[in-house]
1. When the residues of the range 47-106 are narrowed to those that are small (Gly, Ala, Ser), within 21 Å of SER212 (Cα to Cα) and away from the ligand (no atom under 16 Å from the Cβ), which ends up modelled with the lowest pLDDT?
2. Looking only at residues in the range 290-342 that are among the hydroxyl-bearing types (Ser, Thr, Tyr) and exposed (fewer than 13 other Cβ atoms within 10 Å of the Cβ), which one is farthest from TYR160 (Cα to Cα)?
3. Please name all residue pairs, on different chains or six or more residues apart, with Cβ atoms under 6 Å, provided the first residue is in the range 159-186 and is modelled with pLDDT under 90 and the second residue is surrounded by 13 or more Cβ atoms within 10 Å (Cβ to Cβ) and of a type in the set (A, V, I, L, M).
4. Under 8 Å between Cβ atoms, which residue pairs at least 6 apart in sequence (or on different chains) link something in the range 327-348 that is closer than 23 Å to LYS54 by Cβ with a partner that is at pLDDT below 95 and of a type in the set (Gly, Ala, Ser)?
5. Return a yes/no flag: does the range 89-108 have any residue that is assigned to a loop (DSSP other than H, G, I, E, B), surrounded by fewer than 16 Cβ atoms within 10 Å (Cβ to Cβ) and touching a residue at least 24 places away in the same chain (Cβ under 8 Å).
6. Check ILE318, ILE266, ILE329 and return the single one that is at pLDDT below 95, part of a helix (DSSP H, G or I) and out of contact with any Leu (no Cβ under 6 Å at 6 or more places or on another chain).
7. Would you pick out the residues in the range 332-348 that are of a type in the set (Phe, Trp, Tyr) and at pLDDT 95 or above?
8. Does ASP117 satisfy being at pLDDT 95 or above, surrounded by fewer than 20 Cβ atoms within 10 Å (Cβ to Cβ) and farther than 18 Å from LEU53 by Cα?
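The values are calculated or read from the model by the stated rules, or taken from the named source; none is laboratory data. Note that the coordinates shown come from a computational prediction; the quantities given were computed from them, not determined experimentally. In this analysis, Cβ positions are derived from the backbone assuming ideal geometry, glycine residues included, and neighbour counts consider all displayed protein chains.
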Amino acid sequence: MDQEEFIERQKELNRLTSLVSKGGTIKDCSHPVKAECCLPIKNAHSLQRQGSLKLLEKTVKGNSFIYCHTERQINKKYNFLDLKPIGRKDASTFYGFCDFHDTNLFKEIENDPEATDIDNNLHCFLHTYRSFSHSYHRKYEEYKLFTSSEPEVLNYLNKYYGKDIDKVRQGIKLALQDLEVPKKRLDEILINKTYEDLEFYCYEFPYRCPVSCAGVSTPGHFKNGTPFNLSDSENVSYSDIFTTVLPFSERTVIILATFPDDLLGIKYLDELDHISNTLEFQKYLSFHIINNLENVYISPKFYDRKSYKWRQSYCKLIDIIANKYTPYIRYNKAFQINYFASTEKIES
Ligand SMILES: [Zn+2]
């Protein structure tokens, strides 16, 4: 698929996604104790309500905006599919918690937006639970889109996926089934308050970095290139890596998590922990984010000052990763993206 074709397809997919989200967004509370639920289902933020996204904004002529990897527009000057400026209100919301649970479940980390402490297991768990809930909810919405009987949606799917459509649908269905396993375990931890039943790897940078993200993924390789989570065998279960990155006013918090009995997941986190070179650590963490998560926000203060060639290759990389037909990419030391360098910090 060439760039032109990809742009056309992306535009059409964006249009369709908005079509489906108007008529068929899934509204369902993720909390396991349904008896407590109190409607309405809130349009909740996967990242902090007031905190993180506001801290990434840039204001031009009174308009504040940020970028999200999934919101794109054509850059007419250089003819590529660029990131699109969006308002914070349009960012990162999902109908995944009812009014009661949205307020009560997250109050420990929301009432004081700067309160998050990486040495507090409850805080780490709540961020992880919300990040997972966002990915889980999005996967259900994707399934709904791909199994829609709306003629307009069917036309699109047939046009672009042709005879592969059943295979693509099957892949989404399997991914959804796989997510039921961590969902059940996270709900048990939530109910029993056994936060030590998750293994956290946390890190804090002493300055505000230009990125925020939340989600769960099954990375395709270890750092050295050894395949990970790529088995086709039904007997092999995948390793879930939960990721949350939150900028605060003068620091940035990284919370990665996996299940303690998941030895390969632990190995993946250990690899990150054992990188002694600062630059390599920052680049590999940046690679992990861009390669594994869709729900990524970056600051225009970071992105807009890069050359158009850098931005073009950045967007191309996102497209390659998002494309179901391209193979997984691997980390190498020449990787050019580093969100965490102190030179990229965002000043107030
Ligand atoms: Zn609820």
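1. SER92
2. Among those residues, the one meeting the criterion is SER342.
3. Listed pairs, sorted by first residue: TYR161/VAL168; ILE165/LEU157.
4. SER348/SER249
5. no
6. The match here is ILE318.
7. Within the range 332-348, TYR339, PHE340 meet the criteria.
8. Yes: the conditions hold for ASP117.
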